[in-house]
Each structure stands twice: as C-alpha cells, then as structure tokens.
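S.K.: Encoded as structure tokens, here's the structure I'll be asking about.
The values are calculated or read from the model by the stated rules, or taken from the named source; none is laboratory data. Everything quoted here is computed from the prediction, not taken from an experiment. Glycine also receives a Cβ, built like all others from the backbone with ideal geometry; neighbour counts cover every protein chain displayed. Surface areas here come from the heavy atoms of the whole protein model, side chains and all, with no ligands, DNA or RNA. Shrake-Rupley method; radii C 1.70, N 1.55, O 1.52, S 1.80 Å.
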Amino acid sequence: MLYGQICPLDKQRKTLERRGTMKGLYFQKSSTNEEITFVFQERENLPITEDNYVKLQVKACALSQINTKLLAEMKMEKEFFPVGREIAGIVLDVGNKVSFFQPDDEVVGILPLDSEDPGLCEVVRVHEHYLVHKPEKVTWTEAAGTIRDGVRAYTALHYLSHLSSGKSVLIMDGASALGMIAIQLAHHRGAKVISTAGSLEDKQCLERLRPSLARVIDVSNGKAHVAESCLEETGGLGVDIVLDAGVRLYSKDDEPAVKLQLLPHKHDIITLLGVGGHWVTTEENLQLDPPDSHCLFLKGATVAFLNDEVWNLSNVQQGKYL
C-alpha cells in the first residue's frame with residue numbers, strides 16, 4: 001500500500017499537519033477467538049514528537065501474519081490491535097533526543113509488538129531504535145516487503161550459526177522469501193549452499209540463481225532423501241549449518257500428508273549435520289529424545305531456535321515471561 005506518490009514532500013507534510021484526524025486499520029477478535037474482523041478507525045493527529053521518537057510518513061506497509069497466539073501468551077491482547085508492522089517512509093519530525101535521523105530521511109523498520117499505531121496509516125510515531133536508513137536504490141515496497149525476512153535470515157546466519165567463508169549451508173525451502181534472502185546472505189559470506197525445493201517451479205527458480213547453488217534437492221515427490229544428498233555433496237562430512245522450514249517430529253502415521261511429503265524428519269537433520277554444526281530451527285515445539293540429544297552431543301553440535309519476534313519480546317517484557 002503506497003501513500004503520497006504525487007504531491008511534493010513539503011505539500012504532503014502541510015496537508016497532513018492540517019488534518020485533525022486520520023484513519024488506521026485495526027483487527028478485532030470475536031468473542032470465540034475464531035474470527036478476525038478488520039476495521040478502520042479514526043485516530044487523532046499525533047502530538048509533537050518528543051525524546052527518542054520519530055514521526056514518520058508511511059510510503060509502504062507490508063502485511064504479515066498476526067500472531068494472536070503469541071499476543072495471548074505475552075498478555076498483550078487488546079480489543080483492537082493495529083495492523084501492519086513492516087513500514088517504509090519519510091521522516092517528518094524527530095524528538096530532541098533522536099541521534100540517528102533527521103527530517104526528510106528515508107527509513108524502513110518494524111513497529112514493535114506494543115505499538116499503538118498501525119502501519120496501515122498515513123503517519124506513525126515510532127522509537128528510533130526500530131528504524132534504519134533505507135538504501136537509496138531500494139523501492140518503498142521492496143524495503144517494507146523484505147525487512148522482516150531479512151532480519152530473520154541475518155539473525156539465523158550471523159547471530160545463531162556464525163556463518164563464515166567456506167562453510168556448507170543447507171537452507172530448506174529455498175524459494176520462499178526467507179530462503180531466498182538466506183541464500184543470498186550465505187553466498188555473500190562465501191558459503192557453499194544446498195537447498196530444497198517443494199515444486200518443479202521452485203526447483204527451476206533455484207537453479208537459475210547466480211552464483212549457482214551446489215545442489216537443489218527436489219522434495220516435491222517425496223522420494224528424495226535429504227540426508228543422503230547432503231552427505232554425498234559434502235563427502236560424508238555433513239553440512240555445517242542447517243536452516244529448516246519446519247521438521248517432522250513423529251512417525252509417518254501421525255503426520256499430515258503434506259507435511260510428510262515436504263519436510264524432513266528431525267532424525268534426518270541430525271544425521272546430515274556435521275561435527276560442530278549448527279541447526280537453526282523454526283519449529284517452536286521441537287522435541288528431542290535422549291538418543292537425539294546424545295547424537296548431537298557426540299557431534300558437538302548445537303540447536304538454536306529462530307524466533308522472528310525475539311528482539312521485540314526482549315524489549316517489551318524482558319524478564320516477565322521467561
């Protein structure tokens with residue numbers, strides 16, 4: 001969703017300042033928590049910016065899934081919750097303690113979980129620590145659309161697995177938004193990249209990438225053995241880093257057909273992981289039995305959980321939940 005692409009910036013700013021109210025998009029949960037209704041609400045014009053806060057004119061906003069389960073766990077449920085958190089726009093005003101930005105800067109960021117402002121609004125007020133400067137050649141929509149998966153991929157490869165040149169990396173579901181960014185970051189660091197594809201179209205997309213991947217494993221027909229392919233590609237040593245897109249935890253009889261076909265079993269991940277390897281998982285309910293833990297112990301391997309809200313959770317309620 002784009003705002004104000006026609007009028008010059010100064011004219012837009014004056015127009016926004018004259019308005020007493022503006023509309024923002026919110027969602028409202030039903031009493032049974034089964035249905036979500038989206039509504040526009042009138043909001044008063046934002047007050048003068050103070051301290052470390054930035055007033056931002058929104059140029060583009062990405063719509064990501066609203067994690068109502070997480071909000072309930074964090075006791076952050078509201079009657080109306082703002083919609084749209086990944087935003088890109090132009091700084092209109094800055095508080096007296098803001099040190100990173102000044103008016104007319106082009107920025108991109110993610111609104112915190114406890115934000116009162118929806119990203120789907122003309123103007124928002126946000127703390128400067130949730131924003132970064134937007135690269136000049138990146139469009140508004142590209143910036144807002146990639147910021148979340150970019151942060152997730154960077155967190156997984158830089159902070160959780162310490163990726164470096166010469167490492168071998170398995171990125172599951174490489175044609176996804178997260179997978180594509182992770183592949184580019186891994187190549188940028190000089191890593192050898194292996195990926196899986198869940199369809200023929202995904203496989204063709206991954207094979208066209210430059211620099212090319214070491215191997216693309218087509219799991220769409222359920223016949224490919226991910227562990228065997230990775231061990232073959234690494235000469236039996238196993239990969240140094242695995243970034244999964246979910247895993248199977250149970251036997252064939254207890255898993256849905258789609259999940260059974262596309263996702264590897266947790267034992268496969270442990271098998272293909274090399275000595276001193278890092279397994280970064282997106283499976284929040286991962287269960288490891290004593291034999292699994294013992295195998296990881298013998299390999300000196302580690303397991304890390306990729307939670308894309310980890311920075312927000314630590315900022316919003318540090319120490320209250322864990």
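S.K.: Could you grab me the full set of residues in segment 85-106 that are open to solvent by less than 10 Å² (accessible area, probe 1.4 Å) and touching a helix residue (DSSP H, G or I) at 6+ places or on another chain (Cβ under 9 Å)?
M.R.: GLU86, ILE87, ALA88, GLY89, GLY95
S.K.: Name, by its number, the condition in (1) closer than 30 Å to VAL54 by Cβ; (2) part of a loop (DSSP other than H, G, I, E, B); (3) modelled with pLDDT of 90 or more that does not hold for LEU209.
M.R.: Only one criterion is unmet by LEU209, namely (1).
S.K.: Here is a follow-up. Here are the criteria: (1) at pLDDT below 85; (2) closer than 24 Å to GLU128 by Cβ; (3) part of a strand (DSSP E or B). Tell me which single one GLN41 does not satisfy.
M.R.: (2)
S.K.: Of everything in segment 84-117, what is free of Cβ contacts under 8 Å to residues at least 60 places away in the same chain and farther than 29 Å from ASN67 by Cβ? Give them in sequence order.
M.R.: Once the filter is applied, which keeps residues that are free of Cβ contacts under 8 Å to residues at least 60 places away in the same chain and farther than 29 Å from ASN67 by Cβ, segment 84-117 yields ASP93, VAL94, GLY95, ASN96, LYS97, VAL98, SER99, GLN102, PRO103, ASP105.
S.K.: So, in segment 173-200, exactly how many residues are hydrophobic (A, V, I, L, M, F, W, C) and over 15 Å from the mean Cα position of the chain (by Cα)?
M.R.: Residues in segment 173-200 being hydrophobic (A, V, I, L, M, F, W, C) and over 15 Å from the mean Cα position of the chain (by Cα): 6 in total.
S.K.: Can you name the condition, by its number, that VAL169 falls short on among (1) open to solvent by less than 10 Å² (accessible area, probe 1.4 Å); (2) free of Cβ contacts under 8 Å to residues at least 40 places away in the same chain?
M.R.: Checking VAL169 against (1) open to solvent by less than 10 Å² (accessible area, probe 1.4 Å); (2) free of Cβ contacts under 8 Å to residues at least 40 places away in the same chain, the one that fails is (2).
S.K.: Could you list all residues from segment 65-96 that are among the polar types (S, T, N, Q) and at pLDDT 80 or above?
M.R.: ASN96 - this is the single residue of segment 65-96 that is among the polar types (S, T, N, Q) and at pLDDT 80 or above.
S.K.: Would you check which residues across segment 57-66 are of a type in the set (A, V, I, L, M), open to solvent by less than 30 Å² (accessible area, probe 1.4 Å) and touching a Phe, Trp or Tyr at 6+ places or on another chain (Cβ under 9 Å) and list them?
M.R.: Once the filter is applied, which keeps residues that are of a type in the set (A, V, I, L, M), open to solvent by less than 30 Å² (accessible area, probe 1.4 Å) and touching a Phe, Trp or Tyr at 6+ places or on another chain (Cβ under 9 Å), segment 57-66 yields VAL58, ALA60.
S.K.: Have a look at LEU298, LEU288 and point out the one that is over 23 Å from the mean Cα position of the chain (by Cα), more than 23 Å from SER220 (Cβ to Cβ) and part of a loop (DSSP other than H, G, I, E, B).
M.R.: That would be LEU288, the only listed residue that is over 23 Å from the mean Cα position of the chain (by Cα), more than 23 Å from SER220 (Cβ to Cβ) and part of a loop (DSSP other than H, G, I, E, B).
S.K.: Confirm whether LEU160 is on the phi < 0 side of the Ramachandran plot, open to solvent by less than 20 Å² (accessible area, probe 1.4 Å), touching a residue at least 40 places away in the same chain (Cβ under 8 Å) and not small (Gly, Ala, Ser).
M.R.: When the stated conditions are applied, LEU160 does not pass them.
S.K.: How many residues are hydroxyl-bearing (Ser, Thr, Tyr) and over 20 Å from ASP308 (Cα atoms) when one looks only at segment 109-123?
M.R.: 0
S.K.: Any chance you could count how many residues in segment 217-237 are touching a residue at least 24 places away in the same chain (Cβ under 8 Å), open to solvent by less than 30 Å² (accessible area, probe 1.4 Å) and not in a helix (DSSP H, G or I)?
M.R.: Of the residues in segment 217-237, 2 are touching a residue at least 24 places away in the same chain (Cβ under 8 Å), open to solvent by less than 30 Å² (accessible area, probe 1.4 Å) and not in a helix (DSSP H, G or I).
S.K.: For ASP240, all conditions in the list (1) assigned to a loop (DSSP other than H, G, I, E, B); (2) among the charged types (D, E, K, R); (3) at pLDDT 95 or above hold save one; what is the number of the exception?
M.R.: Unmet for ASP240, out of (1) assigned to a loop (DSSP other than H, G, I, E, B); (2) among the charged types (D, E, K, R); (3) at pLDDT 95 or above: (1).
S.K.: Of the conditions (1) open to solvent by less than 40 Å² (accessible area, probe 1.4 Å); (2) touching a Gly at 6+ places or on another chain (Cβ under 8 Å), ASP202 clears all except one; give me its number.
M.R.: Answer for ASP202: the failing condition is (1).
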